[in-house]
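Trainee: The structure's right below; bear with me while I get my questions together.
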Amino acid sequence: MLWSAYRETFRGQDAKVRMKLRRRKFLGGFNRFRLMLTLGLAVLLPAAALIYVNFSQLRAIERDKGIEAIFNREFQEVLAITEKRINKKAYTMTEEARDLFPSPDSDTQEKERKLDLILAQKPWLSHAFLYDEKGLVFRSQPGLMADKYFREEHDHMTESYRLWFGKEAKMQVEGIHKRSRGISFSGGPVKREYGDAYLAGAMFVLPQTSSDRLVLGGVAFEGCYLKGILFQEILDEMVSQKATDQGGNRLAMMVYPADMEMGKEIKPLAVSPGGWGEGKPEVSRKFDDVFRGLALGIKFQGTSVEALGRTWVHRSFLILACLSLVIVGGLVLTKHIVSKEMALARLKSDFVSNVSHELRTPLALIRLYAETLELGRITTQEKKQQYYRIIRKESERLTALINNILDFSRIEAGRKEYEFRETNIAELVHNTLDSYRYQIEQQGFAFEESIDSNLPPVRVDREAIARALVNLVNNALKYSTDEKFLGVKLYRENGVLKLEVADRGIGIARRDQSKIFEKFYRTGDPLVHNTKGSGLGLSLVRHITQAHGGEIAVESTPGKGSKFTLSLPLASSGSMSEARA
Ligand code: ADP
């Protein structure tokens, strides 16, 4: 009668628990969905968009040769600045020579003397001349007169300038007056005994003479001298200034005759330090004011813009790929951690409901039996004894559960201490099982106990080892249905003490086997859901075993049964006396 009352009381509650579990499962699934949605919308989508945009931009840069274009623009700028500097210097050098020019009013001898002086002071000048109404005075660098081509050039220029100015001096003077700084440049290739050369000429009006007079002065720059004092200096300056800007790639620059035929090897007039190396200029620029007929060329030393562009694009793709991998990895990790935290939160709330339910069951039973006894309705001594036993057993269950929870909270708080004492382990195991023997047999279990009585004493925390054993035995009883068997073995193997608890119950799926030792973890088996439990037992067993320097293992086949083996090292168990959780 009592049993039926009990069943009536708890059948309803079991149904409620099942409903709660289902609701929790549903809510868990919903939360999970919400989490995935948040991760997807707030993180995954923007990250994927960012990766895609970057990737397409890189593709566009690669396709449009964007890097090459940037380098070319930069090169054009460098060349423009170089030309400007060269021009500026050429104007200054011309003006310096012009300042030393004789007055058109001095006599021819004076004019010759002064022009010779200028040529002596400025050896890079090959010719200097002054034309005025009285005629032309044309002087050439005496040092160069040994060269037959130069001599011919002198004779030819003297003659042709005389004729030319005789006819066109007025037009020339008017033209030059309109030009900036009153100087007009021209230039072109000439011959010398050593080979091809370049000559740049500057024609000017004298600032101190009135503009309506027909006075013209001029100097010619000898290309090979210019190289050293003008081109070289400015190329050096530009290259060393840009060396730090170009990310370690040194520039090579040169000045060369602009009319070099395509495909022909370029013979530069001046080259920046480090030499030109192989190949054509990446960008070139023809001088269009002072040194007409010459051009500037630029490239990188030892590499090409195309190769640099390719390397840059490849490197960027690689970096993007690595960053994408890191983002994806981070997302996977975040999802993993968040899911784990959610699972733990769910386990905790399951735990609270399981524990309260488990506390209520023995309490209700104790009250029921105590009330029945109190009413004095039970007359036979035998029945009374049975009720007392049930009350004791249920209060023992309560104590075991509360001990588990207390132990767990101590472990969580890091306050669990073990008290190791020399113990006859065979006796400890036997006595612990003895107090359960009645319950085991009552539940219809075939019980096999095999304890090796020749074991040496070991230092263990007795209460803790007994609790671990009780937890394992309780699980074997809880999770067996059809074949009710419990086997406990204690033996030594290779210096290790082994305590085995085996059953032929529902077993544990392989994927759950490593998780069951985690706190709050309970498998999804329907029997487990219908059986009371806190999910703490095995985590305590593992903690106790590890505190003794041992380990716990499980072998199980679903539907066939499980075997938990607790291994304690015989030699070192004595040294664990100071172990703490
Ligand atoms: P509880 O039994 O209170 O749920 P435990 O930590 O003792 O918590 O066990 C964790 C889980 O491991 C159980 O919920 C159950 O799913 C599984 N388990 C433990 N022992 C056995 C066993 N002998 N047979 C089958 N499953 C088991």
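Trainee: Work out from phi, with θ = phi - 60° and the Karplus expression 6.51 cos²θ - 1.76 cosθ + 1.60, the ³J(HN,Hα) of each residue of the stretch 301-306, listed in order in whole Hz, and give x for Gly and Pro.
Mentor: Listing the rounded values in order: 7, x, 8, 10, 4, 4 Hz.
Trainee: At a threshold of 8 angstrom on Cα-Cα distance, excluding pairs fewer than six apart, so keeping six or more, what relative contact order does the chain reach in percent? Don't skip to the answer; put the middle values down first.
Mentor: Working: 776 pairs, mean separation 60.6, N = 581.
Computed over the chain, the figure is 10 percent.
Trainee: Sticking with this structure for a sec: Please report how far the C-alpha centroid of the stretch 332-409 lies from that of the stretch 182-208, rounded to the nearest whole angstrom.
Mentor: Cα centroid of the stretch 332-409 versus Cα centroid of the stretch 182-208: 112 Å apart.
Trainee: Please tell me which of these pairs span more than 22 angstrom C-alpha to C-alpha: Lys88/Lys170; Lys348/Lys563; Lys65/Lys280; Lys134/Lys167?
Mentor: On the way: Lys88/Lys170 27 Å; Lys348/Lys563 27 Å; Lys65/Lys280 19 Å; Lys134/Lys167 14 Å.
Going by Cα-Cα distance, Lys88/Lys170; Lys348/Lys563 fall outside the 22 Å limit.
Trainee: List every residue whose amide H lies under 5 Å from the amide H of Ile451, counting only residues 5 or more places away in sequence or on a different chain, with H placed 1.01 Å from N in the peptide plane.
Mentor: Leu490
Trainee: Normalised by the number of residues in the stretch 273-330, what is the relative contact order in percent for Cα pairs under 8 Å and 6+ residues apart?
Mentor: Working: 32 pairs, mean separation 13.8, N = 58.
Computed value for the stretch 273-330: 24 percent relative contact order.
Trainee: Roughly what would the spin-label model give for Glu371 and Thr399, points 7 Å off Cα along C-beta, in nm?
Mentor: Taking the simple label geometry, Glu371 and Thr399 are separated by 2.5 nm.
Trainee: Then there is this: With a/c under 1.5 counting as rounded, go ahead and sort the stretch 366-425 into rounded, prolate or oblate using the C-alpha gyration tensor (a ≥ b ≥ c being the square roots of the eigenvalues; past the cut-off, prolate if a/b is larger than b/c, else oblate). If you can, show how the numbers build up before the last one.
Mentor: Working: a/c = 6.51, a/b = 2.30, b/c = 2.83.
Oblate is the answer for the stretch 366-425, as a/c is 1.5 or above yet b/c matches or exceeds a/b.
Trainee: Calculate how steeply helix 425-442 sits against the longest principal axis of the alpha-carbon atoms of the chain, using the helix alpha-carbon long axis, and give the answer as 0 to 90 degrees to the nearest 10.
Mentor: 70 degrees
Trainee: Sketch the reach of a paramagnetic label on Ile451 as a point 7 Å from Cα along Cα-to-Cβ, and name the residues of the stretch 418-434 whose backbone nitrogen lies under 20 Å away.
Mentor: In the stretch 418-434, the label zone of Ile451 (backbone N under 20 Å from the point 7 Å along Cα→Cβ) covers 420-434.
Trainee: So, one more: Calculate the FRET efficiency for Glu112 and Lys65 from the Cβ-Cβ distance with a Förster distance of 60 Å, rounded to the nearest 0.05.
Mentor: Working: r = 60 Å, r/R0 = 1.00.
E(calc), rounded to 0.05, equals 0.50.
Trainee: Quick one: 3J(HN,Hα) in Hz for the stretch 57-69, Karplus 6.51/-1.76/1.60 with θ = phi - 60°, rounded, Gly and Pro as x.
Mentor: Rounded to whole hertz, the list is 5, 4, 4, 5, 4, 5, 5, 7, 6, x, 5, 4, 4.
Trainee: Tell me, what % of the accessible area of the chain is carbon and sulfur with a 1.4 angstrom probe? Don't skip to the answer; put the middle values down first.
Mentor: Numbers: 17300 of 32000 Å².
It is 54 percent, rounded to a whole number.
Trainee: Now a separate question. Over all alpha-carbon pairs of the chain, lay out the pair-distance distribution in 10 Å bins, whole %, shortest bin first.
Mentor: Result returned by the calculation: 3, 12, 14, 11, 8, 5, 5, 6, 6, 7, 7, 7, 5, 3, 1, 0, 0.
Trainee: Oh, and also: How would you rank 197-204, 208-215, highest first, on the average number of other Cβ atoms within 10 Å across their residues? Mind dumping the intermediate values first?
Mentor: Working: 197-204: 21.9, 208-215: 14.0.
Order by mean packing, descending: 197-204, 208-215.
Trainee: Could you check the simple spin-label distance between Arg292 and Lys148, using points 7 Å along Cα→Cβ, in nm with one decimal?
Mentor: It is 3.2 nm.
Trainee: To continue, here is another question. Going by alpha carbons, how many degrees (0 to 90, nearest 10) lie between the helix axis of 2-38 and the longest principal axis of the chain?
Mentor: Tilt relative to the chain: about 0 degrees.
Trainee: Any idea which of Gly524, Leu455, Leu540 is furthest toward the positive side of the dipole for the stretch 453-581, if Lys and Arg beta-carbons carry +1 and Asp and Glu beta-carbons -1?
Mentor: Checking the options against the dipole of the stretch 453-581, the answer is Gly524.
Trainee: Report, in whole Å, the centroid distance computed from the Cα atoms of the stretch 459-488 and the stretch 414-441.
Mentor: Answer, in whole Å: 10.
Trainee: Okay, moving on. Helix 108-121 versus the longest principal axis of the chain: what angle, 0 to 90°, nearest 10, using Cα atoms?
Mentor: 20 degrees
Trainee: OK, next. Under a 1.4 Å probe, what is the accessible area of the stretch 295-395 per residue, stated in Å²? Don't skip to the end; give the middle numbers.
Mentor: Numbers: 6120 Å² over 101 residues.
Accessible area per residue, the stretch 295-395: 61 Å².
Trainee: Same structure, new question: Gain in length, Glu551 to Leu406, computed as 0.36 nm per residue apart minus the alpha-carbon separation, to one decimal in nm? Please report the intermediate quantities before stating the final value.
Mentor: Working: separation 145, 0.36 × 145 = 52.20 nm, distance 2.22 nm.
Length gained between Glu551 and Leu406: 50.0 nm.
Trainee: For Lys167 paired with Lys134, estimate the spin-label separation in nm (one decimal), with each label point 7 Å from Cα along the Cα-to-Cβ line.
Mentor: It is 2.7 nm.
Trainee: Looking at the stretch 376-499, how many pairs of lysines come closer than 18 Å at the Cα, when each pair is eight or more places apart or spans two chains? Walk me through the numbers before you get to the answer.
Mentor: Working: Lys383/Lys393; Lys384/Lys393; Lys393/Lys478; Lys489/Lys498.
Lysine pair count for the stretch 376-499: 4.
Trainee: Please list the non-local residues whose amide H lies under 5 Å from the amide H of Ser126, H modeled 1.01 Å from N, same-chain partners needing a gap of 5 or more.
Mentor: For Ser126, the qualifying residues are Ala220, Phe221, Glu222.
Trainee: Turning to a different aspect of this structure: Taking R0 as 56 Å, what's the FRET efficiency between Tyr388 and Leu44 from their Cβ-Cβ distance, rounded to 0.05? Numbers along the way, then the final one.
Mentor: On the way: r = 64 Å, r/R0 = 1.14.
Given R0 = 56 Å and the Cβ-Cβ separation, E is 0.30.
Trainee: Residue by residue through the stretch 193-207, what is 3J(HN,Hα) from phi via Karplus (6.51 cos²θ - 1.76 cosθ + 1.60, θ = phi - 60°)? Round to whole Hz and write x for glycine and proline.
Mentor: Calculated HN-Hα couplings, in order: 4, 7, x, 6, 9, 10, 10, 10, x, 10, 10, 8, 9, 7, x Hz.
Trainee: Which FRET efficiency value, to the nearest 0.05, do you get for Val328 and Ser514 by plugging their Cβ-Cβ distance into 1/(1 + (r/R0)^6) with R0 = 25 Å?
Mentor: Numbers: r = 26 Å, r/R0 = 1.05.
The calculated FRET efficiency here is 0.40.
Trainee: Okay, next question. Gain in length, Gln381 to Thr303, computed as 0.36 nm per residue apart minus the alpha-carbon separation, to one decimal in nm? Before the final figure, lay out each step's value.
Mentor: Numbers: separation 78, 0.36 × 78 = 28.08 nm, distance 10.68 nm.
Result for the pair: 17.4 nm of gain on full extension.
The values are calculated or read from the model by the stated rules, or taken from the named source; none is laboratory data. Every value quoted in this text rests on a predicted model; they were computed, and no experiment measured them. Here Cβ is always computed from backbone atoms with ideal geometry, including for glycine, and neighbour counts include all displayed protein chains. For the accessible areas, the whole protein counts, side chains as well, though only heavy atoms, and no ligand, DNA or RNA atoms are used. Shrake-Rupley method; radii C 1.70, N 1.55, O 1.52, S 1.80 Å.
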